[in-house]
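Peer 1: The structure is given below, and queries will be raised subsequently.
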């Protein structure tokens, strides 16, 4: 009876020892410890050596394949980011070259009236004129001329427009009175021009385009407007 109990205890101890040794081997394989020693493992009984070598070899191949795939994916991500940034930079550079900040087409200086001393830079576009009037509307404030203190000027007094020739090279600028109450006057700048000398003036017809020249003078309400057109034809 004592012999049977001793034999049973020996078997349990042997199984426990083999279990601990198996756990130790799995930990080493998982952490890569002793990777080069897989073929020299001390656990070579019952064909364990062949199985261990095969397992180690497969594990090494899987690890190598995973690393290679990870490096490849990382390279793709880096290339995509670099390429995207380069494309964005190139696009921004191209855009800035294609659309430079335009120079002012018409410069208007107010020389009389409650807004005397004010200056405006107008950039009318074909089919998109710049308006002038007493209005405080966005179109007048941001792109045109707003004269809210000049009570002799109509809310929508007139507009500045541009016509471009077929070649897109020659620009001609015009002013039109759009039906104001007090009208728009053209003042002579003297010098024997079409309108004589001194302070001669005449009123523009409604919706009749008047060609602007560098140095010409208009009067809307109480506001006298001196027009300057860089590189444009000069008033005689």
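Every read-out reported here was derived from the displayed coordinates using simple, explicitly stated rules and does not represent laboratory data. All values derive from a computational prediction rather than experimental measurement. As a convention, Cβ positions derive from the backbone with ideal geometry for all residues, glycine included, and neighbour counts pool all protein chains shown.
Peer 1: Relative to the present Cα-Cα distance, how much length would full extension add between residue 128 and residue 112 at 0.36 nm per residue of separation?
Peer 2: Separation in residues times 0.36 nm, less the Cα-Cα distance, equals 3.0 nm.
Peer 1: Sticking with this structure for a sec: Return 203, 161 ranked ascending by Cβ neighbour count within 10 Å, so the fewest neighbours appear first.
Peer 2: 203, 161
Peer 1: Give me 157, 139, 115 ranked fewest to most by other Cβ atoms within 10 Å of their Cβ, as a rough exposure proxy.
Peer 2: With the fewest neighbours first, 157, 139, 115 line up as 139, 115, 157.
Peer 1: Taking 0.36 nm per residue of separation and subtracting the Cα-Cα distance, what length does fully extending residue 119 through residue 185 add?
Peer 2: 21.9 nm
Peer 1: By how many nm would the segment from residue 165 to residue 139 lengthen if fully extended, with 0.36 nm per residue of separation less the alpha-carbon distance?
Peer 2: Separation in residues times 0.36 nm, less the Cα-Cα distance, equals 6.8 nm.
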